[in-house]
Structures are given as structure tokens and as C-alpha cells.
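Q: Pasting a structure below so you can have a look.
The values are calculated or read from the model by the stated rules, or taken from the named source; none is laboratory data. Quantities reported herein were computed from a predicted structural model and do not represent experimental measurements. Quick reminder, even Gly has a Cβ in these numbers, built from the backbone with ideal geometry, and neighbours come from all protein chains shown. Ligands, DNA and RNA are excluded from the accessible area calculation, which covers all protein heavy atoms including side chains. Shrake-Rupley method; radii C 1.70, N 1.55, O 1.52, S 1.80 Å.
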Amino acid sequence: MGYLINYKNQKYVYIHIPKTGGTTIEHIFNDYINKSNSTKTLIGHLSLKDTKKRYDLSNCITFTTVRNPWDWYVSNYFYLKQKHKNDSDFVNEYKIINNEKNTFNDFVKYVYENRDILVFNNGGNNTPKYQEMLDWSYDGQKHVDHFIKIEDLSMESLNLIGLDIEYTHTKLNTSNHNHYTKYYNNTTKNMVKEMHKNDIEFFNYKFGE
């Protein structure tokens with residue numbers, strides 16, 4: 001979901017790409033997140049484009065967190081496998097994940113083949129779940145004002161965008177798994193590379209980092 005953060009007389013809107021540290025952002029800024037009825041339109045995993053349809057961003061600083069795409073798919077897979085087995089947003093994925101014959105690589109292949117129809121409904125906005133992170137953070141004219149890599153999420157990186165808050169960094173809502181490189185074969189490694197070609201180039205991500 002998106003969060004409207006009121007911090008030191010400035011409004012920030014955080015675009016929550018799933019499994020990129022959004023729960024940590026919510027925890028850090030819990031006391032500053034506007035939870036009034038006027039901002040309930042931000043509920044859901046909304047892209048910047050969908051958020052713009054629901055909320056006036058003209059006086060807001062927008063930011064998001066991103067993640068190495070190869071790591072992102074492993075995190076998504078194990079999160080679904082270990083935690084939210086009854087989440088109605090992921091009925092199709094559960095058909096693959098809950099089949100004991102299938103592996104992580106079957107999950108990636110399924111996403112690769114069905115990516116266009118795997119969406120968050122979001123009241124009819126149909127936000128693609130596995131779109132590139134650059135697409136998550138694009139409103140049709142411009143991207144968010146700031147990107148923070150989850151690998152670099154820290155007080156220092158938040159301070160750079162004006163959120164000079166002190167906190168103890170804790171990873172929340174995580175799943176248990178080995179380093180993401182342990183789960184790929186050459187085929188699925190290249191599938192992710194193809195699906196997230198622009199993310200990999202723009203954020204300079206590499207397999208193995």
C-alpha cells in the first residue's frame with residue numbers, strides 16, 4: 001500500500017512495491033503516517049500512476065524502495081510459501097506454489113508466462129504485480145522523486161531525502177531462505193533478466209550481489 005507521511009511540514013508519499021522493505025518504512029514512520037479517512041484511497045499496492053489517480057501529489061515528495069530483481073522473486077516466493085497462504089490476491093500463484101512437484105523455478109516460469117494477467121485488482125486499476133520497478137514508480141510523465149535501494153536502506157539514505165529520523169533498523173515481514181543465487185537455473189535467471197531489463201540497467205543490479 002502507499003503511505004502519506006507528514007514529516008516536518010512536508011508531505012511525503014511512499015509507493016510500496018511489494019517485498020521491498022515497505023513494512024520497515026511503515027514501522028519507522030508509524031507516528032507520522034496519515035491514517036485519516038481522506039488518505040484511505042492509498043490502501044493497496046498501488047503504482048505511482050494509480051496513486052496519482054486517487055490523490056493529489058502536486059505538493060508531495062514521492063519516493064519508493066527497490067530491490068535486486070533476482071532477489072525479489074525469491075523473496076516473493078518464500079513469503080507466499082511460508083506466510084500468507086490464504087491471501088486472495090495470490091490465488092493463481094498458490095496453485096503453483098502449493099503443488100509439491102513444483103519448485104521455485106516453476107514459479108518464475110509461471111510468472112514469466114502469465115505476467116500480464118497477474119495483477120492487484122485495486123478497485124479496477126489492475127496494477128501488474130510483477131511489472132518492472134521503474135514502471136511501479138512512474139506516473140505517466142515522471143518517476144518518483146527518490147529511489148532507495150533496500151540494500152542501502154538506512155538512516156543516512158532517508159536523511160538524504162529530508163527524512164532525518166533516528167531509528168534502529170530492523171528487518172520486518174521477512175521469510176526464511178538461503179541466498180537467492182541458490183535457487184536459479186540458467187533459464188530462470190535469464191527470464192528475470194528479460195522481465196526486468198530496465199531495472200537491472202537503471203539501478204545497476206547484477207546477479208550474485
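Q: May I ask you to compute the full-extension gain from Thr168 to Asp152, defined as 0.36 nm times their residue separation minus their alpha-carbon distance, rounded to one decimal in nm?
A: Working: separation 16, 0.36 × 16 = 5.76 nm, distance 1.44 nm.
Full extension from Thr168 to Asp152 adds 4.3 nm.
Q: In deg cm²/dmol, rounded to 500, what helix-only [θ] at 222 nm does the chain give when every DSSP H run of at least 4 residues adds -39500 (n - 2.57) and the total is split over its residues? Please report the intermediate quantities before stating the final value.
A: Working: 9 runs with 71 residues, N = 209.
Helix-only estimate at 222 nm: -9000 deg cm²/dmol.
Q: Ok, one more. What accessible area per residue, rounded to a whole number of Å², is obtained for the range 90-198 using a probe radius of 1.4 Å? All intermediate terms of the calculation are to be shown ahead of the outcome.
A: Values: 6300 Å² over 109 residues.
Per-residue accessible area for the range 90-198 comes out at 58 Å².
Q: On to the next question. Given R₀ = 22 Å, what would the calculated FRET efficiency be for Lys109 paired with Phe202, taking r from the Cβ atoms and rounding to 0.05? Write out the running numbers ahead of the final one.
A: Values: r = 25 Å, r/R0 = 1.13.
The calculated FRET efficiency here is 0.30.
Q: Now for a different question. Contour minus end-to-end for Glu100 and Asn176, with contour as 0.36 nm per residue of separation and end-to-end as the Cα-Cα distance? Please report the intermediate quantities before stating the final value.
A: Working: separation 76, 0.36 × 76 = 27.36 nm, distance 1.84 nm.
Extra length available between Glu100 and Asn176 comes to 25.5 nm.
Q: Return the carbon/sulfur percentage of the accessible area of the chain, one whole number, probe 1.4 Å, all protein chains in place.
A: Values: 4860 of 10910 Å².
Looking at the chain in its full context, I get 45 percent from C and S.
Q: Sort the range 126-209 into rounded, prolate or oblate with this rule: let a ≥ b ≥ c be the square roots of the eigenvalues of the Cα gyration tensor; rounded if a/c is under 1.5, and if a/c is not under 1.5, prolate when a/b is larger than b/c, oblate otherwise.
A: Details: a/c = 2.07, a/b = 1.25, b/c = 1.65.
Oblate.
Q: Now a separate question. Mind checking the full-extension length gain between Lys83 and Lys53? Use 0.36 nm per residue of separation minus the Cα-Cα distance, one decimal, nm.
A: 7.7 nm
Q: So, in Å, what gap is there between the alpha-carbon centers of the range 134-203 and the range 26-99?
A: When both Cα centres are located, 13 Å separates them.
Q: Next up: Could you list which residues have their amide H under 5 Å from that of Lys11, counting only those 5 or more apart in sequence or on another chain, with H placed in the peptide plane?
A: Ile61
Q: Also, I was wondering about something else. Can you compute the charge dipole magnitude of the chain about its Cα centre, using +1 on each Lys and Arg Cβ and -1 on each Asp and Glu Cβ, nothing else charged? Give it in debye, rounded to the nearest 20. Before the final figure, lay out each step's value.
A: Details: 26 positive and 25 negative charges, 89 e Å.
Result for the chain is approximately 420 debye, rounded to the nearest 20.
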